[in-house]
Amino acid sequence: MSGAKITIHAGDNLPVLRSLAAGSVNLIYVDPPFNTGHAQARTRIETVRDEEGDRTGFGGKRYRTTTVGTKAFGDTFVDYMEFLRPRLEEARRVLAGDGSLFVHLDYREVHHVKVMLDGIFGRDAFINEIIWAYDYGARSRSRWSAKHDNILWYAKDPENYRFDHDAVERIPYMAPELVGPEKAARGKTLTDTWWHTIVSPTGKEKTGYPTQKPLGVVRRIVEVHSRPGDTLLDFFAGSGTFGEAGASAGRDVILVDENPQAVRVMRDRLARFSPTLVDDVSVDVDVDGDGDGDDSWLGHGPLSAIFCEETPSKRTSSSPVRRRRRRRQRQRSRQRQRQRRAAPGNCRTALERA
Ligand SMILES: C[S@@+](CC[C@H](N)C(=O)[O-])C[C@H]1O[C@@H](n2cnc3c(N)ncnc32)[C@H](O)[C@@H]1O
């Protein structure tokens, strides 16, 4: 094993970023929510042979479908730019002098975020826009089907940044006979347009976390833009793809996610690196499920709607009768929470398991 150190923070990334020392991180990759306007969810199903089942499989055999669980996070923002701005400002502060930031987006927000990052880093600090092109899923009948993501690369200092040309992957020439045997054998270096499959829905790499990015794409960023022993950071970490790419290559990685399900997936996925878990939410969060905490950390509307019932608020009682009623409500709420803890897919259960 590489000896790389992984730290996973469970909680909002802004306070975590503020707690990191200036200049302490060599490379940041982030894949923030894309502001799609709906919750990102992935439901895992299993099928078992059942003559009464709802599906027909090979040879006409019938199968019953059962839902194993759903992983999700909210992806709706009232003001996406104002959500991202302080986080990206902090990202610049924590970067080392020769450090770089990669921001993974899609067509919805990339142009707005580009302008904002030009303001934070300076226009000359923008080095590349990488296009990750894939070919998967339904095609539109009313416009060109969007089949790419955009990854913006900013260097803290455009005169001094890490780009290891020798680590750039090589691909075959389209017409090798035109370049001679030596060059043809070596292949040509990759450009800013990367064709790469999505994470296979049935492959080994899949964690079940929605929006998981392929290791192959993220690994290129790690290998070309950092050195073994460097400190890497992903503060929208999801299933921990950047953590896996970084730690496998001998880099220390700091990962942050506010979704307990993401934390659990990361903990399992990265178990072989013995990650350190830091619960940054326990100070203001109802982790023990007794209904006393502020659950705002659970994120943006849809996530709470999917996984959590409303938590009773702390209002002051005006009469003994109302106080008794509230006490009974709290008792019922605790009982419901205990029942929910036994059920899969519950946010607090997930955090406890994490
Ligand atoms: C697009 S996903 C990242 C997917 C990841 N790149 C992967 O390969 O699995 C974005 C993540 O940001 C997290 N997130 C959103 N707002 C956050 C915040 N304020 N603090 C920490 N994490 C946040 C969500 O819970 C979600 O897991």
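The values are calculated or read from the model by the stated rules, or taken from the named source; none is laboratory data. Predicted model only: the values in this text are computed from it and were never measured. Positions of Cβ are generated from backbone atoms using ideal geometry, with glycine treated the same way; all protein chains shown enter the neighbour counts.
The figures follow:
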read-out	value
Those strands (runs of 3 or more DSSP E) lying entirely in region 1-51 with at least 1 residues near the ligand (Cβ under 9 Å from one of its atoms) and modelled with pLDDT under 95	40-49
Criterion: within 13 Å of the ligand (Cβ to nearest atom), surrounded by fewer than 21 Cβ atoms within 10 Å (Cβ to Cβ) and under 14 Å from the mean Cα position of the chain (by Cα) - qualifying residue of 213, 206	206
Members of region 241-259 found to be in contact with a Ser or Thr (Cβ under 8 Å, 6 or more places away or on another chain) and either farther than 25 Å from residue 86 by Cβ or assigned to a loop (DSSP other than H, G, I, E, B) (or both), listed by number	247, 248, 249, 250, 251
Residue pairs meeting the criteria (Cβ under 9 Å; at least 6 apart or on separate chains; first closer than 18 Å to residue 227 by Cα and of a type in the set (D, E, K, R), in region 242-262; second modelled with pLDDT of 95 or more and near the ligand (Cβ under 8 Å from one of its atoms))	244/218
Failed criterion for residue 82 (all others in (1) modelled with pLDDT of 75 or more; (2) away from the ligand (no atom under 14 Å from the Cβ) hold)	(2)
Count - residues of region 216-252 that are more than 9 Å from the ligand (Cβ to nearest atom), buried (at least 24 other Cβ atoms within 10 Å of the Cβ) and among the aliphatic types (A, V, I, L, M)	5
